[in-house]
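**Student:** Structure provided below as structure tokens; questions to follow.
The values are calculated or read from the model by the stated rules, or taken from the named source; none is laboratory data. Since we're looking at a predicted model, the values are computed, not measured. Here the Cβ positions follow ideal geometry from the backbone for every residue, glycine too, while neighbour counts run over all protein chains shown. Note: areas computed on protein heavy atoms with side chains; ligands, DNA, RNA excluded. Shrake-Rupley method; radii C 1.70, N 1.55, O 1.52, S 1.80 Å.
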Amino acid sequence: METVHVALPGRDYDVHIGTGLLAQAGALIAPLLQRPRVAVISDETVAALHLDTLQAGLHAAGIEMVALRLPAGEGTKSWPYLTQAVEWLLDQRVERRDVVVALGGGVIGDLVGFAAAILRRGVRFVQIPTSLLAQVDSSVGGKTGINTRHGKNLVGAFHQPALVLADTGVLSSLGLRDYLAGYGEVVKYGLLGDAGFFDWLETHGPKAAAGDMVARIFAVRRSVEMKARIVEADETEQGERALLNLGHTFCHAFEAATAYDGARLLHGEGVAIGCALAFELSARLGLCSQEEPSRVRAHLRAMGMKVDLADIPGDLPDAAALLALMGQDKKVIDGKLRFILARGIGQAFVTSDVPPQAVVQLLDEALQDKARR
Ligand code: GLY
């Protein structure tokens, strides 16, 4: 088991990474408990796969478990299920000193983290992320929340978990498409701040995708380590944390344009396409050489990932409409779009100084390429 410590004053925690952590969950969670009982919230798909293993792991340390299973899918990150989760936790007499456990991907982690943030003005929670995306990104750093009819993640709280158990063994139950979508966020870390990690991914990424556990643990650990250092420096995203949004301004426009239909585009796939576009835009603005976006695209292709707008099935709106969708992103400040651009692989920076015309032209060419294929 590897451990990354997130050193936030007064709310520091460990992220444990390795195989078999569900089975050891009782021993790992026990030091947090005032009484041997936890409330677990999961989704139906993950619960069917992993809840029995977690229960056995908790029982082995004498910890009782009550569990709520919510429907799987993005629709669960919403007011009705937040209400259901909070009322259920109150039905279960979860008290201020108790611990709530989120067992699932990003949707469950965000929803349950937010429920824990507001329940009795804040109870501690443990993240047990079961998707690659949740292990390397959403379970670490304390962003919690739900979607509303106005957009994604618009209601929420910063509420750090008390512990994260990233059991890399459970990644074996993911389909390749879901694994690769999560890998979009892994590549993001190399691109934004660690060229050596990107080199490593070029060599070892295919082996990790094929199931090599040593490679998977390294990829998750390095990603979590990078996220932890960024969150320590800028917990509430006043500056540096925005680097974690590399590729996301583009991604959110594509997700909105495809009505958040996972059959067409998963979040991590949009991040990968967005990273490729952010590097292309950087090259066009003279910030880096053309070799850099070419190398990014070559790696994504080699991994069998979506790289271009042409890889998104179905129609997309025109470039101006996509730009307008970017304008609805919550990363807009004073009406100005914020982009994460790069001076090279591993050298990303935040800027509001991007001519909209350059973005429209880039998207227009990508859409023309899509129309030709
Ligand atoms: N997923 C971006 C962040 O945690 O800041």
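**Student:** Out of region 216-242, which residues are within 12 Å of the ligand (Cβ to nearest atom) and either β-branched (Val, Ile, Thr) or closer than 25 Å to LEU171 by Cβ (or both)?
**Tutor:** Hits for region 216-242 are SER223, VAL224, MET226, LYS227, ALA228, ILE230, VAL231, THR236.
**Student:** A further question follows. Of the numbered conditions (1) outside any loop (DSSP other than H, G, I, E, B); (2) under 16 Å from the mean Cα position of the chain (by Cα); (3) within 16 Å of the ligand (Cβ to nearest atom), LEU180 fails exactly one; give the number of that condition.
**Tutor:** (3)
**Student:** Quick one: GLY151 ticks every box in (1) within 29 Å of ALA324 (Cβ to Cβ); (2) in contact with a helix residue (DSSP H, G or I) (Cβ under 7 Å, 6 or more places away or on another chain); (3) of a type outside the set (Val, Ile, Thr) except a single one, so which number is it?
**Tutor:** Against the list (1) within 29 Å of ALA324 (Cβ to Cβ); (2) in contact with a helix residue (DSSP H, G or I) (Cβ under 7 Å, 6 or more places away or on another chain); (3) of a type outside the set (Val, Ile, Thr), GLY151 comes up short only on (2).
**Student:** Scan region 1-32 for residues that are closer than 23 Å to ALA60 by Cα and in a loop (DSSP other than H, G, I, E, B) and jot them down.
**Tutor:** Of everything in region 1-32, those that are closer than 23 Å to ALA60 by Cα and in a loop (DSSP other than H, G, I, E, B) turn out to be MET1, THR19, GLY20, LEU21, LEU22, ALA23, GLN24.
**Student:** For region 45-78, name all the residues that are of a type in the set (Asp, Glu) and surrounded by fewer than 15 Cβ atoms within 10 Å (Cβ to Cβ).
**Tutor:** Passing the criteria: ASP52, GLU64.
**Student:** Looking for something modelled with pLDDT of 95 or more and within 15 Å of the ligand (Cβ to nearest atom) - is there at least one such residue anywhere in region 192-200?
**Tutor:** yes
**Student:** Here's a follow-up. What about GLY175, is it within 28 Å of LEU58 (Cα to Cα) and free of Cβ contacts under 8 Å to residues at least 24 places away in the same chain? It would help to see each step written out before you state the result.
**Tutor:** Details: within 28 Å of LEU58 (Cα to Cα): yes; free of Cβ contacts under 8 Å to residues at least 24 places away in the same chain: yes.
It is true that GLY175 is within 28 Å of LEU58 (Cα to Cα) and free of Cβ contacts under 8 Å to residues at least 24 places away in the same chain.
**Student:** Next question, about the same structure. Restrict the check to region 79-93 and report whether at least one residue is buried (at least 16 other Cβ atoms within 10 Å of the Cβ), under 30 Å from GLY205 (Cβ atoms), more than 15 Å from the ligand (Cβ to nearest atom) and of a type in the set (Val, Ile, Thr).
**Tutor:** Among the residues of region 79-93, not one is buried (at least 16 other Cβ atoms within 10 Å of the Cβ), under 30 Å from GLY205 (Cβ atoms), more than 15 Å from the ligand (Cβ to nearest atom) and of a type in the set (Val, Ile, Thr), which makes the answer no.
**Student:** What number of residues in region 231-268 are in a helix (DSSP H, G or I), open to solvent by less than 20 Å² (accessible area, probe 1.4 Å), more than 15 Å from VAL15 (Cα to Cα) and not polar (S, T, N, Q)?
**Tutor:** The number of residues fulfilling the criteria is 10.
**Student:** Within region 306-316, does at least one residue satisfy the condition of being open to solvent by 40 Å² or more (accessible area, probe 1.4 Å) and aliphatic (A, V, I, L, M)?
**Tutor:** no
**Student:** From the set of residues in region 118-159 that are charged (D, E, K, R) and surrounded by fewer than 21 Cβ atoms within 10 Å (Cβ to Cβ), which is nearest to the ligand (Cβ to nearest atom)?
**Tutor:** Checking each candidate, the answer is LYS152.
**Student:** Can you pull out the residues in region 4-18 that are closer than 30 Å to GLY211 by Cβ and open to solvent by less than 70 Å² (accessible area, probe 1.4 Å)? Before the answer, list the steps.
**Tutor:** Within region 4-18, the subset closer than 30 Å to GLY211 by Cβ is 4-6, 13-18.
Result: VAL4, VAL6, TYR13, ASP14, VAL15, HIS16, ILE17, GLY18.
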